[in-house]
Amino acid sequence: MLASHKGAAFLGLDTLTDAKAKKTGNPYGVILKRARCVTQTGVGYEGAVNRQGDREGVDAEFIADRLPWGEWLVPNKVITHKGKLYLRTQTTVGMRRKRPAIVRYLTPNGERLTKESVKPFLPEKTGSAKQEAHGVTGEVQVRAIALDNVLRVRVNGETVILKGE
């Protein structure tokens, strides 16, 4: 489906991932993160950071590093690594402000947890040091999501369910 789309595409994604919670003092054990978001795929990272820099008045040209792991199966969309497939997505600060992700936390048996109760056990969020060093403050966030963790994809009015809930 993604390979047939030329260039960039906006996606609606539903994902279920391990929140990578700290173990010390964590009464829940594994904490799962269920997210519903709008994102993009097929967008060049370097160009996106430079456009964000232009919006912020940054003059210097940002140059992205090579893909740090894996190989492109579908450039700027799908990565293959050690037999697994990953969906490469990115969002801008404007996208996240207009359509913030809806996030829920769950135990492996489906019990809902409040954000407040799990927050002490979640890893600290860090931004892109390279973008920050370049002077870009509105981070272009890039994610590689294992397709095993994608429940549903929506693109151009079409919904594909990859995993039952």
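Just so it is clear, none of the values below were taken in a lab; they were calculated from the coordinates. This is a predicted model, so every value here is computed, not measured. Virtual Cβ from ideal backbone geometry, glycine too; neighbours counted across all protein chains shown.
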Next item on the list: Just add up the charged neighbours of residue 49: K/R +1, D/E -1, any other residue whose Cβ is under 13 Å from the Cβ of residue 49.
Entry: -4
Next item on the list: Could you check the simple spin-label distance between residue 6 and residue 109, using points 7 Å along Cα→Cβ, in nm with one decimal?
Entry: 5.3
Next item on the list: State, as an integer percentage, the relative contact order of the chain based on alpha-carbon contacts under 8 Å between residues 6 or more apart.
Entry: 30
Next item on the list: With a 10 Å radius around each residue's Cβ, average the other Cβ atoms per peptide and rank 108-119, 65-76, highest first.
Entry: 65-76, 108-119
Check: Per the Kirkwood treatment, what hydrodynamic radius in Å, one decimal, follows for segment 76-142 from the mean inverse distance over all distinct Cα pairs?
Finding: 15.1
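Which value, in debye to the nearest 20, gives the size of the charge dipole of segment 39-98 about its Cα centre, when Lys and Arg are +1 and Asp and Glu are -1 at the Cβ? Intermediate results must be reported in sequence, preceding the final value.
Details: 10 positive and 7 negative charges, 101 e Å.
Charge dipole of segment 39-98: 480 debye, to the nearest 20.
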Checklist line | Zone of residue 102's modelled label, taken as backbone nitrogen in segment 1-45 under 19 Å from a point 7 Å along Cα→Cβ | finding: 11-17, 32-40
Next item on the list: Answer with a single label: of [x] 36, 32, 31; [y] 62, 28, 22; [z] 48, 36, 33, which was calculated as Cα extents along the principal axes in Å from the structure in view?
Entry: [z]
Next item on the list: Go through 12, 108, 45 and say which Cα lies farthest out towards the positive end of the charge dipole of the chain; charges sit on Cβ, +1 for Lys and Arg, -1 for Asp and Glu.
Entry: 108
Next item on the list: Per DSSP H run of at least 4 residues, take -39500 (n - 2.57); add these up for the chain, divide by its residues and hand me the 222 nm value, nearest 500 deg cm²/dmol.
Entry: -4000 deg cm²/dmol
Next item on the list: Quick one: how many lysine pairs does segment 9-161 have with C-alpha atoms less than 20 Å apart and a gap of 8 or more or different chains? Give me the count, please.
Entry: 17
Checklist line | Extended-chain gain in nm, criterion 0.36 nm per residue less alpha-carbon gap, residue 119 and residue 147 | finding: 7.5 nm
Check: Quick one: if the Förster radius is 35 Å, what FRET efficiency do residue 64 and residue 17 give, using the C-beta to C-beta distance and rounding to 0.05?
Finding: 0.90
